[in-house]
Structure formats: C-alpha cells, structure tokens
Amino acid sequence: MPSSVEAVIISGPRRGEIVQIADETVVEVSDEDIVALNAALDDLLVAIDRVATEMRTTIDTLSKPVGKS
C-alpha cells in the first residue's frame, strides 16, 4: 500500500495548510545528521540567549536616569 508524506506549513500566508510531499523529495536522514542538527540548534539557542541577556542589560542601563553633574 503506498503511503504519502504530508507536512504542515508553519509560517507565512499559507500557515496551517497541509501539503503532500512527493515521494522523490523525501530523503532518509541518518542518526548522525540528526545529532549534528540538534547540536547546532542547541548552539543557536545558547547564542540567542546571550543576545537576549545583552539586550536586557542594555535596555536596563539605558532606562536609568542620568545623574546631574
């Protein structure tokens, strides 16, 4: 029995739409590739957290009144 692969569009004007993916488009992904992708995503989350921390610190510093000299 043939099976089809479907995906849900998660952003843009077609968000939420379910689309069928052609069989020739679907590829097998190795466990090593998945581990590498997860590691890269973890690194990205750490970098985003660092930027967010810097932004919060900057906003906090800039929102404080400047003393008179």
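The values are calculated or read from the model by the stated rules, or taken from the named source; none is laboratory data. These numbers were taken from a predicted model, which means no experiment stands behind them. Glycine also receives a Cβ, built like all others from the backbone with ideal geometry; neighbour counts cover every protein chain displayed.
For segment 23-36, what are the residues that are among the hydrophobic types (A, V, I, L, M, F, W, C), modelled with pLDDT of 85 or more and either assigned to a helix (DSSP H, G or I) or under 13 Å from ALA7 (Cβ atoms) (or both)?
Listed by number, the residues that qualify are ILE34, VAL35, ALA36.
Taking the stated definitions as given, is THR25 of a type in the set (S, T, N, Q) and surrounded by 10 or more Cβ atoms within 10 Å (Cβ to Cβ)?
No, not satisfied.
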